[in-house]
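Input: a single structure, listed below in structure tokens.
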Amino acid sequence: MTSDSVDQFEQAQRFAFSDWHPPIMALIWHYLDRLSAGTVGLFALILGLYWSGFWLLAVRFARSRPSLGYLTLLAAFSPMLVTIPAMLWKDSLVFSCFLSASGLLAASASRTGIRRAVLITPALLLLLTGALARHNAMLAAAPLLLLAVRRAPLQTSGAQASHAQASHAKASYAKASGARVAGAEILRLGVIILATVAATSLASWLLNRHVLDARQTGVANSLMAFDIVGLAARTGSNGLPGSWSGDEQHRIINDCYEPWAWDSLSWGRRAFVRERLVASGHWQHGLRDPWLTAIASHPRAYISHRLAYARMLLRPLPASFPQPEPISVTYGFTANGGYRAIAQTVSAFSGAPIIADLWRPGLWVAFAMATCVVAGLRGRRHLKSCQAKSCLAKSFQAKSCQAMSCQAMSCQATSCQTMSRQAGYFALSGLLYALPLVVVGVASEFRYVYWTIGAVFIATLILASDWLAERVSRPAGALPGLPDPPLVLAEPLRA
């Protein structure tokens, strides 16, 4: 536990909430605390969702690529991911909720009726919970919904493809152009993003304001104060409202700005900034107007300030197992043998030269962008292959054996295209989760990109498995992107 965890746990025990942290985690913790007093209930929930999510995805992916299923389970033990459920943070809750929801939605894609509803209903609840736990998470939830909206099954490959599946593949891809498919996909994603943001914002407003009556703390002012002080350090002009002495003006311009976080304005020797804003009532009234005025007056300085913060996201952070703060012992934490063994193993791996460099939050934003591009290129390649193989299968409809072979090739290409598309959904979800940090981030902690790391891991495994399967199954001398030649059976000898 950390100070953030303690704050939310105390709210859970009192059933009195504030909006500095989204109250959903404290609300869940309140009822788990009644079932099992202390931290055990929430820890068990996060840990259970973590492993359930990886197991569901592994089972689902194994139906198409057995090796991908095993790799997905192994990814859960990687040093970058295995530490995520160790801390009672809302970031860990978001990760576990999104992971389990992804597994349920992927499993629902090939089902119909009541069995599909049984899987989708808890998945939507998990997505909503994760989206309510972090404001930027509502954007990341939208691409995951497409795992269920696009219902092409993962397991259609090779000889397992049926005639009905082949007909569906031909109808979907034979006449589609790459531009039309991309345009439809972007439109669908845009609609889902808008609907997700609207629904989550409404749910957050109703829950926080009308159900829980969460105390308003002016949390958005942390961003605005950070930006205003950042501009003051670059322009020599203090844009904070209120009356400030000459010494305070000098300190705000020359001493209060740190590009990696706003925290110094609220704690330590620079805490006078927030204290004066609260005492004068400007914090309660809000800093939106002076914030907008400062940006409009100094747009170049604002861009420079935000770029400086983005560079802080690329700085290396300590690559070690998260250490519990002393307060954790008060709430029941014990460093037993199992904990020490895991901590030593993770620290040993994370200290390696290459792996240690991965503890840079901004690097995972770049990885998510690159993975989105690769998934798009792979999907375009498979789309062309689907078109070619569908047409080839159609030309051999008169000969049943040849038609069955071509239909299998068409469905195999369709399955590959589906996997590339799902890899793109995960990568885009991770990108939308972390990208807002560049514009509205107020700190550069590594936990802020937890879901981005997991989403990029899963997307990369899907793309790597798809690429390896293509390399293994491609006949020697075959040209990439062209359909394999159909099986031609010799006619029987006649008497």
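The values are calculated or read from the model by the stated rules, or taken from the named source; none is laboratory data. It should be emphasised that the depicted structure is a prediction, and the values quoted were computed from it without experimental measurement. Every residue, glycine among them, receives a Cβ derived from its backbone with ideal geometry; neighbour counts consider all protein chains shown. Surface areas here come from the heavy atoms of the whole protein model, side chains and all, with no ligands, DNA or RNA. Shrake-Rupley method; radii C 1.70, N 1.55, O 1.52, S 1.80 Å.
Miscellaneous remarks
- Scanning segment 39-59 for residues that are open to solvent by 30 Å² or more (accessible area, probe 1.4 Å) and farther than 29 Å from Met419 by Cβ yields Val40, Phe43, Ala44, Leu45.
- Applying the condition of being touching a residue at least 40 places away in the same chain (Cβ under 8 Å) and charged (D, E, K, R) to segment 233-280 and asking which residue is nearest to Ala443 (Cα to Cα) yields Asp263.
- Pairs where the first residue, in segment 124-150, is closer than 16 Å to Leu435 by Cα and the second is of a type in the set (S, T, N, Q) and crowded, with 20+ Cβ neighbours inside 10 Å, C-beta under 7 Å, 6+ apart: Ala131/Thr200; Met138/Thr196; Met138/Thr200; Ala140/Ser429; Ala141/Thr196; Ala142/Thr196; Pro143/Ser429
- Flag if Ser304 is more than 30 Å from Ser5 (Cβ to Cβ), among the polar types (S, T, N, Q) and in contact (Cβ under 8 Å) with a residue 24 or more places away in the chain: yes
- Positions within segment 257-272 being part of a loop (DSSP other than H, G, I, E, B) and either open to solvent by 30 Å² or more (accessible area, probe 1.4 Å) or under 20 Å from His298 (Cβ atoms) (or both), in sequence order: Tyr257, Glu258, Pro259, Trp260, Trp262, Trp267
- Cross-chain or 6+ apart pairs with Cβ under 7 Å, segment 421-434 first and free of Cβ contacts under 8 Å to residues at least 60 places away in the same chain and under 12 Å from Phe367 (Cβ atoms), then open to solvent by 20 Å² or more (accessible area, probe 1.4 Å) and of a type outside the set (Ser, Thr, Tyr): Ala427/Cys372
- Yes/no for Asp7 being modelled with pLDDT of 90 or more, in a helix (DSSP H, G or I), among the charged types (D, E, K, R) and over 23 Å from Asn136 (Cα atoms): no
- Hits in segment 215-256 (condition: loosely packed, with under 15 Cβ neighbours inside 10 Å and under 29 Å from the mean Cα position of the chain (by Cα)): Arg215, Gln216, Thr217, Val219
- Scope segment 188-219; condition of a type in the set (Val, Ile, Thr), touching a residue at least 40 places away in the same chain (Cβ under 8 Å) and part of a helix (DSSP H, G or I); matching residues: Ile192, Ile193, Thr196, Val197, Thr200
- A single member of Ala86, Ala106, Ala123 is open to solvent by 30 Å² or more (accessible area, probe 1.4 Å), of a type in the set (Gly, Ala, Ser) and either under 16 Å from the mean Cα position of the chain (by Cα) or closer than 22 Å to Glu445 by Cα (or both), and it is Ala86.
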